[in-house]
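Working notes, structure below.
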Amino acid sequence: MSRGRGVPMKDLKRSYDVEDGVVSMPSIIEDDDADLWPLPEIDTKKSKFPCCIVWTPLPVVSWLAPFIGHIGLCREDGVILDFAGSNFINVDDFAFGPPARYLQLDRTKCCLPPNLGGHTCKYGFTHTDFGTARTWDNALSSSTRSFEHKTYNLFTCNCHSFVANCLNRLCYGGSMEWNMVNVAILLMIKGKWISLSSVVRSFLPCVVVTSLGIVLVGWPFLIGLSSFSLLLFAWFIIATYCFKNIIT
């Protein structure tokens with residue numbers, strides 16, 4: 001029986017060369033950015049805003065308090081989702097008119113674990129229990145299913161609640177403390193106006209109402225309007241941070 005020829009030593013890899021190769025593999029597997037395909041461009045004419053929070057003024061309410069409006073969150077393809085009524089999520093049909101302001105969010109700031117133990121956020125399994133997501137669109141889809149069974153209420157469960165719920169599923173910015181107040185503040189501080197006409201559309205009704213009120217009623221109207229805005233702002237602050245059980 002003939003003996004097989006031995007394999008030349010030069011063809012054999014040293015054991016630590018193999019180990020080095022194994023060690024280098026997780027750096028490829030754990031590269032979250034590899035799963036984030038490029039987003040399409042923002043198209044304001046077609047109302048496509050990939051991974052953006054979008055805002056538009058509300059009829060009547062924004063005339064009296066221009067800092068209040070209707071918001072939605074967009075999928076990766078730019079389609080807008082917004083909580084527009086009880087048990088109802090609008091898809092690609094933004095309620096109350098086209099967006100006037102937007103803020104594009106950074107997907108790399110989301111915790112999108114590939115498995116239950118793959119969290120990059122500090123919350124770990126708490127994030128899983130709340131409802132983690134594998135992708136951006138997966139988070140929006142999960143929140144949509146949840147809010148299809150919720151009753152809309154301007155003061156306790158509104159469009160801001162829906163966006164906050166999505167951001168908590170994504171653990172955006174390493175936080176699961178998103179709510180209607182800090183979502184509104186984030187958009188107010190960092191949001192971009194789409195055009196000059198959007199600014200006019202957002203504030204002109206308030207200017208007209210305020211001017212007519214002062215002319216017809218006098219300065220007491222301005223005092224009353226300011227009090228209304230202050231009370232509304234105070235309600236959202238107090239209800240969100242002091243009475244969390246009544247805020248969705």
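The values are calculated or read from the model by the stated rules, or taken from the named source; none is laboratory data. All of these numbers come straight from a predicted model, not from anything done at the bench. Quick reminder, even Gly has a Cβ in these numbers, built from the backbone with ideal geometry, and neighbours come from all protein chains shown. The accessibility values were calculated without ligands, DNA or RNA, using every heavy atom of the protein model including side chains. Shrake-Rupley method; radii C 1.70, N 1.55, O 1.52, S 1.80 Å.
Return the only residue of Trp63, Trp37 being more than 30 Å from Gly117 (Cβ to Cβ), open to solvent by 20 Å² or more (accessible area, probe 1.4 Å) and not aliphatic (A, V, I, L, M). Lay out the reasoning, then the answer.
On the way: Trp37 fails: more than 30 Å from Gly117 (Cβ to Cβ).
Residue meeting the stated conditions: Trp63.
Of the listed requirements (1) surrounded by 13 or more Cβ atoms within 10 Å (Cβ to Cβ); (2) within 20 Å of the chain's Cα centre (by Cα); (3) not basic (Lys, Arg), Val199 misses just one: (2). Taken as a whole, the structure leaves Arg145 outside the set of residues that are without any contact (Cβ under 8 Å) to a residue 40 or more places away in the chain, more than 15 Å from the chain's Cα centre (by Cα) and assigned to a loop (DSSP other than H, G, I, E, B). When the range 202-248 is limited to residues that are within 32 Å of the chain's Cα centre (by Cα) and not in a helix (DSSP H, G or I), the one that is farthest from Cys52 (Cα to Cα) turns out to be Phe243. When you look at Cys166, is it of a type in the set (A, V, I, L, M, F, W, C), more than 20 Å from Ile89 (Cβ to Cβ) and either touching a residue at least 60 places away in the same chain (Cβ under 8 Å) or part of a loop (DSSP other than H, G, I, E, B) (or both), yes or no? No, not satisfied. All told, Thr156 falls short of being open to solvent by less than 50 Å² (accessible area, probe 1.4 Å), touching a Lys or Arg at 6+ places or on another chain (Cβ under 8 Å), touching a residue at least 24 places away in the same chain (Cβ under 8 Å) and of a type outside the set (Gly, Ala, Ser).
Within the range 227-237, can one find any residue that is within 18 Å of Phe67 (Cβ to Cβ), loosely packed, with under 11 Cβ neighbours inside 10 Å and hydroxyl-bearing (Ser, Thr, Tyr)? Within the range 227-237 (the criterion being within 18 Å of Phe67 (Cβ to Cβ), loosely packed, with under 11 Cβ neighbours inside 10 Å and hydroxyl-bearing (Ser, Thr, Tyr)), the answer is yes, since at least one residue qualifies. Residue pairs whose Cβ atoms lie under 9 Å apart, sitting 6 or more positions apart in sequence or on different chains, and linking a residue in the range 57-78 that is part of a loop (DSSP other than H, G, I, E, B) to a partner that is open to solvent by 40 Å² or more (accessible area, probe 1.4 Å) and hydroxyl-bearing (Ser, Thr, Tyr), are Arg75/Ser141; Glu76/Thr135.
Here Ile246 passes the criteria (1) of a type in the set (A, V, I, L, M); (2) free of Cβ contacts under 8 Å to residues at least 40 places away in the same chain; (3) more than 29 Å from Leu36 (Cβ to Cβ) except the one numbered (2). Considering only the range 21-33, I want to know if a residue exists there that is open to solvent by less than 100 Å² (accessible area, probe 1.4 Å), modelled with pLDDT of 50 or more and in a loop (DSSP other than H, G, I, E, B). No, there is no match, as no residue in the range 21-33 is open to solvent by less than 100 Å² (accessible area, probe 1.4 Å), modelled with pLDDT of 50 or more and in a loop (DSSP other than H, G, I, E, B). Residue count for the range 96-113, restricted to those that are surrounded by fewer than 17 Cβ atoms within 10 Å (Cβ to Cβ) and of a type in the set (Gly, Ala, Ser): 1. With the condition kept exactly as written, say whether any residue in the range 172-192 is surrounded by 13 or more Cβ atoms within 10 Å (Cβ to Cβ), at pLDDT 95 or above, assigned to a loop (DSSP other than H, G, I, E, B) and in contact with a strand residue (DSSP E or B) (Cβ under 8 Å, 6 or more places away or on another chain). There is at least one residue in the range 172-192 that is surrounded by 13 or more Cβ atoms within 10 Å (Cβ to Cβ), at pLDDT 95 or above, assigned to a loop (DSSP other than H, G, I, E, B) and in contact with a strand residue (DSSP E or B) (Cβ under 8 Å, 6 or more places away or on another chain).
Residue by residue, here is whether (1) β-branched (Val, Ile, Thr); (2) farther than 17 Å from Ile53 by Cβ; (3) crowded, with 17+ Cβ neighbours inside 10 Å; (4) touching a Leu at 6+ places or on another chain (Cβ under 9 Å) holds:
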{"site": "Asn115", "(1), (2), (3), (4)": "no, yes, no, no"}
{"site": "Lys122", "(1), (2), (3), (4)": "no, yes, no, no"}
{"site": "Asp129", "(1), (2), (3), (4)": "no, yes, no, no"}
{"site": "Thr132", "(1), (2), (3), (4)": "yes, yes, yes, yes"}
{"site": "Leu140", "(1), (2), (3), (4)": "no, no, yes, yes"}
{"site": "Arg145", "(1), (2), (3), (4)": "no, yes, no, no"}
{"site": "Thr151", "(1), (2), (3), (4)": "yes, yes, no, no"}
{"site": "Ser161", "(1), (2), (3), (4)": "no, no, yes, no"}
